[in-house]
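None of the figures in this text is laboratory data; all of them are computed from the coordinates on show. A quick note: this is a predicted structure, and the numbers were derived from the prediction, not measured. Don't worry about glycine lacking a Cβ; one is built from the backbone with ideal geometry, like all the others, and counts go over all protein chains shown.
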Amino acid sequence: MCTVVIRIPEPGATAEPIRLLAVRDEDPARPWNPLGPWWPQLPDVVGVQDRLAGGAWLAARPGRLAVLLNRAGGPDLPAAQIASRGGIVLDAVNGATPRGELRTLGFNLVEVDGEGASIVSWDGQELRRERLSPGTHMIAHTDADDPATPRIAAWHAAFEAAPTDGDASGWWDPWLTVLAQSAELSPEDDRAIIRDNRPHGYPTQSLLACVASVSAQTTDVRYAELRHAGEWSPLSFEPPRG
């Protein structure tokens, strides 16, 4: 139940990058490595690594970024034949987008290539790809900008109204203001972005966030952790380790 906010500039905008905020919900007991260069075979890639599967929740390289959000659904296969989603982000950030019949559980994959962004959605039956139009979008566990998703209905307009034209060291501050406002809700509220999903039957809680600016040749991505799982605290974004 992660959340992504992404702003895509109008074509022809002078040197204006794509802006992205991603909030990760995961089981706090599942170990991860913070944003860094964890894959020796991919020396120009940094990401948030899942230690168990070895893949990435979010990964970036110059001019590209990818981040994965879980989505309901899965193929009609025995559990032992369900494949891990762990390598999808690393493949995507290196230009290998998902294709064909997949054996993984459902997902929304946000792919940013510097010129725009797409969402690849898999519900276990159908693989769809949508190129996002210029503007501000929110993605969670259903379709982009889905008004039936309470957190999107509650906060999309606020993110859309918040400017992100600041300098490289703080353009994300207006979006963090919206995120802090959203955290005035209980983390169990369906409208919340900083979440505690345990009352809904899932072990996941909001743990961390990344912000990124992506242009045709460069990607500036930064990382911050919440002090306590599922509880809002001010975020101080830092560049990748290493």
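Relative contact order of the range 1-125, please, whole-number percent, based on alpha carbon pairs below 8 angstrom and at least 6 residues apart.
20
Taking 0.36 nm per residue of sequence separation and removing the Cα-Cα distance, the E130/R227 pair yields an extension gain of 31.4 nm. The relative contact order of the range 3-225 comes to 24 percent, based on Cα pairs under 8 Å that sit 6 or more residues apart. About its Cα centre, the dipole of the range 3-225 is roughly 520 debye, where the only charges are +1 on Lys and Arg Cβ and -1 on Asp and Glu Cβ. Once C-alpha pairs closer than 8 Å and six or more residues apart are averaged by separation and normalised to the residue number of the range 152-242, the relative contact order reads 18 percent.
Only Lys, Arg, Asp and Glu carry charge here, each on its Cβ (+1 for the first two, -1 for the last two); on that basis the range 196-242 has a dipole of about 60 debye about its Cα centre.
Dividing the convex hull volume of the alpha-carbon atoms in the chain by its residue count gives 124 Å³ per residue. For the chain, what proportion of DSSP beta bridges, expressed in % and rounded to the nearest 5, is antiparallel? Given both bridge residues lie in the chain, the antiparallel proportion sits at roughly 100 percent.
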